[in-house]
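> Structure in structure tokens, see below.
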Amino acid sequence: MKTIYILWLRQIKRYLRSKSRIVGSLGQPLLFLLALGYGLGSVFQAAGQGNYFQFLGPGIIGMSIIFTAIFSGIELIWDRQFGFLKETLVAPVSRINIMIGRTLGGATVATFQGIIVLLLATAFGFRPYNWALVPAAILVMLLVGLLFTALGTGIASLLEDMQGFQLIMNFLVMPLFFLSGALFPLSGLPAALATVTKFDPLTYGIDAFRGLLVNTAHFSLSVDIGILAAITVVFLGISTYLFSKIQL
């Protein structure tokens with residue numbers, strides 16, 4: 001447990017020390033939120049779908065979390081290149097504990113990013129329909145963060161250079177985001193696209209955010225949480241196995 005805590009705390013300190021990283025990671029979510037939220041608001045409303053800014057807010061929160069969580073895998077490659085990972089792995093502690101500590105740290109950082117985006121969205125006009133459900137939404141943020149941090153760590157365990165990781169992540173992250181229903185309603189989609197969205201784990205995270213924050217979920221909250229939890233367990237298991245096979 002001490003190892004898990006130390007690695008978790010190290011991830012948090014890294015995040016808090018990097019002010020430029022915090023500010024820089026908010027640029028793209030804010031651009032999407034403001035440009036699309038206000039730019040397409042009249043079109044969305046004319047189509048009878050209501051307030052697009054309210055609809056878009058949970059999707060952009062999910063966007064912030066998935067980008068931060070998956071790209072935390074770069075830190076694993078960075079630690080490998082500069083020797084810190086070797087020092088950690090030769091210590092008399094379980095690799096499982098090391099994996100858990102890093103994953104919890106990355107998920108916590110991703111959750112912080114989600115909370116910051118939520119606060120900024122409220123400053124621009126987004127309003128949760130029930131503030132009492134915001135803590136539950138934060139817990140879902142942590143679950144989504146765990147899922148995608150595990151995915152990023154698993155992929156980083158197979159790679160040794162940051163360029164390769166960035167190429168793979170860009171190829172993976174953008175489809176996950178755009179096919180999750182973050183920018184459009186899930187109802188009324190063509191059958192093929194609707195099927196694809198159901199295989200996207202981020203779909204269930206964003207749907208849970210919408211259910212808790214704006215009360216417009218496509219699936220039930222129990223379905224969203226159940227699927228997210230199941231996929232998280234699977235990804236954690238796979239990533240732990242891949243991490244345990246890293247060669248010094």
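What follows draws every value from the coordinates through simple rules; no lab data is involved. Keep in mind the model is a prediction, meaning the values are calculated, not measured. In this analysis, Cβ positions are derived from the backbone assuming ideal geometry, glycine residues included, and neighbour counts consider all displayed protein chains.
> Considering the convex hull of the alpha carbon atoms of segment 147-248, report its projected area averaged over all viewing directions, in nm², one decimal.
Mean projected area for segment 147-248: 7.3 nm², to one decimal.
> Moving on to the next point. Under a plain spin-label model, where a point goes 7 Å from the Cα along Cα-to-Cβ, how far apart in nm are Val234 and Asn215?
Inter-label distance under the simple model: 3.4 nm.
> Can you give the alpha-carbon Rg of the chain over 2.2 N^0.38 Å, where N counts its residues?
1.02
> Pop the C-beta distance of Ser244 and Leu31 into the FRET formula with R0 = 45 Å and round what comes out to the nearest 0.05.
Once rounded, the FRET efficiency stands at 0.70.
> Ile74 to Asn130: FRET efficiency via 1/(1 + (r/R0)^6), r the Cβ-Cβ distance, R0 41 Å, to the nearest 0.05?
So, using R0 = 41 Å, E works out to roughly 0.65.
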